Amino acid sequence: MADADPKIDRGAAADTVVISPPPGTMIETPVKRRAWLRPLLMVSVPLLLIAIAGYFWLTAGRFVSTDNAYIQQDKVSVSSDVGGRIVQINARENQPVKAGDLLFQIDPDPYRIALAQANAAIATARVQVSTLATDSGGAAADISSAKADIALAQATYDRQAALMKQGFTTRASFDAAAQQVAAAKARLATANASAAKARTQVGSGTDGSGVPAAVQAAMVQRDKAALDLRRTSVYAPVSGTISQSDRLQVGQMMIVGLPAVSIVSNHPAWIEANFKETELNKMCVGQPAEVEFDAYNGLKLKGHVQSIGAGTGSEFSVLPAQNATGNWVKVTQRVPVRIAIDQPSKRPLIAGLSANVTVDVRSGHC
C-alpha cells in the first residue's frame, strides 16, 4: 500500500492535481522566531536581579524613616495682664499680624480713675510732708524752749542748794527746785523725739533721690496705675497668624492670665519625627534628612537632624506608664527627633500636618 510504504514514487506527483485557493484568500506562512531574543533574556534577567540585590545590599541600613512625624511651629498664647470688659477687637481668625499690632482693648475708664486717684494721693502726700516740715520747725523751737527751761531750773536748783547748806531755805523749796530741773529735762527729751520723728517722716526714700518717703510711695502707686492703664491695650508680642480667636467677644469679661487668643509665629517651621528607639543606634545631630508631606503630593524638602529628644513620648505624657507590675509588656518606645528644614517650601507649612521623614544615618560621625 502506498500509505504504508515510506518509499513513494516521486514521479507520481506529476499526475497530482494542485488545487489553488480562491483569489483574495490570505495564506498563513510560519513566522521565524528571533534567534537573539532568548539569549538576551537569559543574560539580562539575571543581571537585573543581581543589580537589584546589590542595590539593596549597599543601601541596607543606610536610611531610617518614619511616618509618625508632624509639622511644628512656635505658638504664643496671648492673655491680658489686667481684668476688665472687652470694648474693642482688632484680631480675627487666620488674620496675619505683626509684632506690636493692637489685638484687643479692655475698658480703660476704671484704670483712668485709678490713675487720677494716684495723682491725688501724691498731692496729699506732699501736703502731709509740708505739714511735717512745719512740725519739725516747731519741734526745734520746743527744743530751744526746753533747754532754756532746763537752764533756769538748774540755776534755781543751785541757789536752793546753796541756801540749803546755810540753812536759809526749806527742804520743800529745795525739792521743788530739783523737780523743776527733772521736768525741764523731760520736756527736752520729748521735744527731741518729736523733732526726730518729723525729720524721719520728711526724709527721702531709700534710693537717695531726695524725695520724701511718703511722696515716693504715692508716686509708686501712680506708676502702677499708669502701667495698668497701658495694659488695657493688648498688642501682638510676635508676628504670625491669629488662631483660636473665638474667645474674643466685645462685652466679654477678660480674666487676668486666661489665654484669650493664640498666634502661630512666622518663625521657620520644623518637623517633630517620632522614631522608634531601635532606630536611634546610628542617628546623630547633623545627618541629612528628606521630608515628604501627606497634604502635598510630590513635595520633598531637604533638612537635617537638629536635635534628639531627652526623653520618650510616654515619659512626658500626662499619665506615664507604670511598668512595675506583674502585667508588664515591653513596648517599643518612640523618641521625638527635631528635623530642621533647610530649604524654602513652595506650599504653606501648616502646623500639625503629617509628614514622612527619611534620615541618612550613614552620613556624619556620631
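The values are calculated or read from the model by the stated rules, or taken from the named source; none is laboratory data. All values derive from a computational prediction rather than experimental measurement. When we count neighbours, we look across all protein chains shown, and the Cβ atoms used for this are built from the backbone with ideal geometry, even at glycine.
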Scope region 81-124; condition aromatic (Phe, Trp, Tyr) and either surrounded by fewer than 17 Cβ atoms within 10 Å (Cβ to Cβ) or under 18 Å from residue 250 (Cα atoms) (or both); matching residues: 104
Test: residue in region 66-80 that is under 17 Å from residue 349 (Cα atoms) and among the basic types (Lys, Arg): yes
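Condition check ((1) of a type in the set (Gly, Ala, Ser); (2) part of a loop (DSSP other than H, G, I, E, B)) across all residues:
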residue	(1), (2)
65	yes, no
70	no, no
76	no, no
82	no, yes
94	no, yes
100	yes, yes
103	no, no
Residue 237 vs. criteria within 30 Å of residue 306 (Cβ to Cβ), touching a Lys or Arg at 6+ places or on another chain (Cβ under 9 Å) and surrounded by fewer than 16 Cβ atoms within 10 Å (Cβ to Cβ): no
Qualifying residue in region 131-144 (condition: under 30 Å from residue 222 (Cβ atoms) and at pLDDT 75 or above): yes
Search result, residues across region 64-80 that are of a type outside the set (A, V, I, L, M) and either buried (at least 16 other Cβ atoms within 10 Å of the Cβ) or closer than 21 Å to residue 334 by Cβ (or both): 65, 66, 67, 68, 70, 72, 73, 80
Filter pass, residue 64 being at pLDDT 90 or above, of a type in the set (A, V, I, L, M, F, W, C) and under 30 Å from residue 229 (Cα atoms): no
Cross-chain or 6+ apart pairs with Cβ under 7 Å, region 219-241 first and hydrophobic (A, V, I, L, M, F, W, C), then surrounded by fewer than 19 Cβ atoms within 10 Å (Cβ to Cβ) and in a loop (DSSP other than H, G, I, E, B): 229/108; 236/98; 236/99; 236/100; 236/101; 238/99
Some residue of region 146-156 being surrounded by 15 or more Cβ atoms within 10 Å (Cβ to Cβ) and of a type in the set (Asp, Glu): yes
Qualifying residue in region 322-334 (condition: modelled with pLDDT of 90 or more and crowded, with 16+ Cβ neighbours inside 10 Å): yes
Within region 25-60, tally of residues that are within 30 Å of residue 363 (Cα to Cα) and either surrounded by 10 or more Cβ atoms within 10 Å (Cβ to Cβ) or modelled with pLDDT of 70 or more (or both): 10
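Residues are listed down the side, and each one gets a yes or a no for (1) surrounded by 14 or more Cβ atoms within 10 Å (Cβ to Cβ); (2) more than 24 Å from residue 340 (Cβ to Cβ); (3) in contact (Cβ under 8 Å) with a residue 24 or more places away in the chain; (4) of a type in the set (Asp, Glu):
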position: 243; (1), (2), (3), (4): yes, no, yes, no
position: 251; (1), (2), (3), (4): no, yes, yes, no
position: 268; (1), (2), (3), (4): no, no, yes, no
position: 280; (1), (2), (3), (4): yes, no, yes, no
position: 288; (1), (2), (3), (4): yes, no, yes, no
position: 302; (1), (2), (3), (4): no, no, yes, no
position: 315; (1), (2), (3), (4): no, no, no, yes
